[in-house]
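Structure first, then comments.
Here, each number is a calculation from the coordinates, and none is a lab measurement. Remember, it's a predicted structure, so these values are computed and weren't measured experimentally. So basically every Cβ, Gly included, is an ideal-geometry build from the backbone, and we count neighbours across all protein chains shown.
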Amino acid sequence: MALGPLMVGVAGLALSDEERELLRHPVIGGVILFTRNYADLEQLQALVADIRSLRQPPLLVAVDHEGGRVQRFQTGFTRLPALRHLGHLYDRDTRRAKHYAQLSGWLMAAELRAVGIDMSFAPVLDLDRGTSVVIGDRAFHTDPEAVADLAHAYMIGMDMAGMAATAKHFPGHGTAAADSHQAVVTDHRPWEDIVSEDMLPFERMVNFGIAAIMVAHIIYPRVDTKPAGFSRYWIHEVLRQRLGFQGAIISDDIGMVGAAGVGGLVERAHAALEAGCDLVLLCNELAEIPAVIDAMGNQSNPAGQLRLARMHGRGRIERAHLRLEPIWHEALQALADYARPSEPDLV
């Protein structure tokens, strides 16, 4: 059974019988995990194994595990610094910052691959403008060239650990002040500013071979009236045609307030797919998942299914052996060298 275009959240530490049945539906392509799904390493590994056992090929298992304020699993995992610390180092020692970014990408991905997780939605390519309440130090830097440099190194590290990278939030979430989780967000800048600044890291990463891009729920009214994640203009004409991106395109969570102007959850799912997304996220409105599945009907997009299949993790280091790897110790030393204490988590 091919992977479907809907990635959903689950309620707790183990799957219910009802969730197992839902996840077997052809429209489902994966599961995204959160802090509510984590108690300890053994429980997480069992949950992931259960999810993966339901289908062939296995469903994708994903998480937001950037570091800093956005790290869903903590006890038993290395506490990762916010990416902005690498940007501060970049200003002092560019070469060392890129090396540390590669080690950080490897460490993040290797620890997740060791419990069977395929994807972490990282790295953030937004620019740290000092105005966004939700981006801030999740971004590498305010300079788009520096962001592209560090993100490329981070992607290489992830690839070394067997995980494909996902760049977010196209075409750029770093300027608008509001949080699209909580509000409808509008960025009134002209096309020229967005292209020359925010989109530059995405263009670079497309050229570097990034596997997936997540699209923002932000309206850029001087370009299009729809949020980018539901805009055929942004997804098809800009991302696919102008930038030549051939990888997987992923919506942000359609349950976010930033998506509300498109309609209900069913309308949002259809709109994201019609705009060109390969995978649609529905993370927290768990009671609505059956209705969305029923409304989506039979979805068949062979090209999108192939792009999603390439997001499966490759290889795997057993957790018992991970800490014996010399690169693991090198990565820990790098984190200690560039990091300050971690911030409170964003859940």
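Working from Cα pairs under 8 Å separated by at least six residues, relative contact order for the chain is 21 percent.
A helix-only calculation puts the chain at -10500 deg cm²/dmol for mean residue ellipticity at 222 nm, using -39500 (n - 2.57) for each DSSP H run of at least four residues, averaged over all residues.
Bridges between two residues of the chain, per DSSP, are antiparallel at a rate of about 10%. For the chain, a Gaussian network of Cα nodes joined below 10 Å ranks Ala287, Ala161, Ala62 by mean-square fluctuation, and the top entry is Ala287. Sequence-distant contacts, meaning Cα pairs under 8 Å at least 6 residues apart, place the relative contact order of the range 95-162 at 50 percent.
Taking the DSSP bridge list for the range 1-148 and keeping only pairs wholly inside it, about 20 percent are antiparallel.
Note on Glu18 and Arg232: with the Förster distance fixed at 41 Å, the Cβ-Cβ geometry gives a FRET efficiency of about 0.70. Compute a Gaussian network model of the chain, connecting alpha carbons closer than 10 Å, and tell me which residue from Gly68, Gly297, Gly105 fluctuates the most. Residue with maximal mean-square fluctuation among Gly68, Gly297, Gly105: Gly297.
Each Cα pair under 8 Å and six or more residues apart adds its separation to the average, and for the range 42-110 the resulting relative contact order is 19 percent.
Considering the values [x] 1.02; [y] 1.30; [z] 0.92, which represents Cα Rg over 2.2 N^0.38 Å as calculated for the structure under consideration? It is the value labelled [z].
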